[in-house]
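The values are calculated or read from the model by the stated rules, or taken from the named source; none is laboratory data. Predicted model only: the values in this text are computed from it and were never measured. Don't worry about glycine lacking a Cβ; one is built from the backbone with ideal geometry, like all the others, and counts go over all protein chains shown.
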Amino acid sequence: MAEQVESIKWIPNTRFLVDGFRFQSPRCSSYFLTHMHGDHYCGLTKSFGAGHLEAVIYCSKITAALLTHDFGLPPRRVRALPMDQPVSIDGVRVTLIDANHCPGAVMFFFDFSHRTAKVSPEAILHTGDMRWHARMGQHPALCGRRIDLLLMDTTYGAPKHVHPPQEEAVALIVDTMRKEVAARPRTLFVVGSYRIGKERAYLGAARAMGWRVFCNADKRKVLGLLDLPAADMALVTGDKKAARVHVVAMGQAQMSPEALTSRCTAAGYSHVVGFRPTGWTFRKSGGLEVRREGCATIYGVPYSEHSNFEELRDCVRTLHPSRLVPTVNAANMTASRAMVDKFADLMDLRKDRSRLDHYLRPAATAPPASERQGSDHPTALRGGDPPAAQLPHSRSAPLTGDCGSAGGASEAMVLADVDLVEQQRLQPAVKPEMAAAQPRKWAKAAPAAPCGSSKRRQLTLGSFFGKGAQR
Ligand SMILES: [Zn+2]
């Protein structure tokens, strides 16, 4: 659920708001909408722009169609931008990149690098909601670019979130369908869905099984706006009896055993199986979450349209941002800082004075080494660690001790990227010979540079999300 905090809705050095309709203001020249989920367009009404003649919403073509459909906004208020091509808005180059979330969801890349008068930050990526895939890092707009500011969807920003790729989750649904039909041939399947989202789960499974998919009239109308492949749309029907898969709202009202049983009986089946596709149902022990009641069985399937924790780490590792702003699970400074700490070892912190001041300050209360051991990564802070602002640090441990040991690991993480001159200016107490030794010793901990090989640069937009992309 995207945080409703005004400060993270404004794009620095612009008059742009992203997913910030609750904070509409005459100061805003352009509104950007990443995708059509309620926690991103909240605050938007049919009277958007009243009293503000220039107010325009920039978004993808699919989101524009949904905005027009749902809010009846006049065309002058909604402007669909092309995918993958930079467009100049108020002198800023804006590129829309597929966010691999729901249909129409995009990331916005704001690029100021062409300007004669330099500004900082110069390269800003707002992910909206996204499921990160390695191919995103090879996008022509991002490949080889250093991102100064990354606003990232941190819905699953904790190490415990390890839900599988979507293809595997869909395969789990298909496998379960086959087993259920083999055991009880007269079984109806019901899949929970959001108004927009989860299409790959139910259409992918139905395609694999060769079955039709029932959706009510409103849902079919919405699906018709999503630019889905014709082969998928051909599976969709308004005839309940012709479909072995029914799509319903994810909420309890239609996914309860009682509601499923009622639907099963009305459709003339003996059994019914419901699927709830969401990353929150992931079980570390493996297998699917299951509930049986009468003729109804309900499975929780770890199908997610948000990145798991490792994918988030890969995103930060690839983009190597100087600043990271979490947009989910970060309602206040403490929560935000704690979230950033989980990715700090992958960031370029050379320009972040606040972190330098913190990590380099003398610490009177260094914790015993035993309390600092146990991280699964030598430079990573664990999810349960307190925010950096509360972390005590010992100067002596990282500067004179063995950097490969667990003690002082987080200090090594930050110093790996510290410019030596800047480091000495901030911390004159550091002895020169010690400081001089640091870059060599900690260089191994520095993240790899973002991609930039000529081979990768040759990728065409058409091949960006080819077959095999994790969707
Ligand atoms: Zn979303």
Subset of the stretch 179-196 [surrounded by 13 or more Cβ atoms within 10 Å (Cβ to Cβ) and either among the hydrophobic types (A, V, I, L, M, F, W, C) or out of contact with any strand residue (DSSP E or B) (no Cβ under 9 Å at 6 or more places or on another chain) (or both)]: VAL181, LEU188, PHE189, VAL190, VAL191, ILE196
Only listed residue being in the same structural domain as ARG77 (by TED's automatic domain parsing), within 16 Å of the ligand (Cβ to nearest atom) and at pLDDT below 95, chosen from GLN4, GLN24: GLN4
Of all residues in the stretch 29-82 being of a type in the set (D, E, K, R) and not in a loop (DSSP other than H, G, I, E, B), the one that is farthest from the ligand (Cβ to nearest atom): ARG76
Of residues in the stretch 83-96 being assigned to a strand (DSSP E or B) and in contact with a Ser or Thr (Cβ under 9 Å, 6 or more places away or on another chain), the one farthest from ARG15 (Cα to Cα): MET83
Contacts under 9 angstrom Cβ, first residue in the stretch 188-202 being within 15 Å of the ligand (Cβ to nearest atom), partner part of a loop (DSSP other than H, G, I, E, B) and of a type in the set (Gly, Ala, Ser), 6 or more apart: ILE196/GLY104; ILE196/ALA105; GLY197/ALA105
Residue pairs meeting the criteria (Cβ under 6 Å; at least 6 apart or on separate chains; first within 10 Å of LEU67 (Cα to Cα), in the stretch 40-53; second part of a loop (DSSP other than H, G, I, E, B) and away from the ligand (no atom under 16 Å from the Cβ)): LYS46/GLY72
Filter result for the condition that a residue is assigned to a loop (DSSP other than H, G, I, E, B), more than 16 Å from the ligand (Cβ to nearest atom) and at pLDDT 95 or above, over ALA182, ALA141, ALA171: ALA141
Selection from the stretch 161-178 of residues that are closer than 20 Å to MET1 by Cα and surrounded by fewer than 19 Cβ atoms within 10 Å (Cβ to Cβ): VAL162
Residue among VAL290, VAL328 that alone is free of Cβ contacts under 8 Å to residues at least 12 places away in the same chain, surrounded by fewer than 24 Cβ atoms within 10 Å (Cβ to Cβ) and either within 30 Å of VAL247 (Cα to Cα) or within 16 Å of the ligand (Cβ to nearest atom) (or both): VAL290
Of all residues in the stretch 7-21 being part of a loop (DSSP other than H, G, I, E, B) and surrounded by fewer than 19 Cβ atoms within 10 Å (Cβ to Cβ), the one that is farthest from the ligand (Cβ to nearest atom): ASN13
Subset of the stretch 83-96 that is surrounded by 14 or more Cβ atoms within 10 Å (Cβ to Cβ) and away from the ligand (no atom under 16 Å from the Cβ) - its residue that is nearest to LYS198 (Cα to Cα): MET83
Among the candidates ALA99, ALA123, ALA105, residue that is under 20 Å from ASP148 (Cα atoms), crowded, with 17+ Cβ neighbours inside 10 Å and within 16 Å of the ligand (Cβ to nearest atom): ALA99
Count of the stretch 144-160 residues which are away from the ligand (no atom under 16 Å from the Cβ) and either under 12 Å from PHE309 (Cα atoms) or surrounded by fewer than 19 Cβ atoms within 10 Å (Cβ to Cβ) (or both): 5
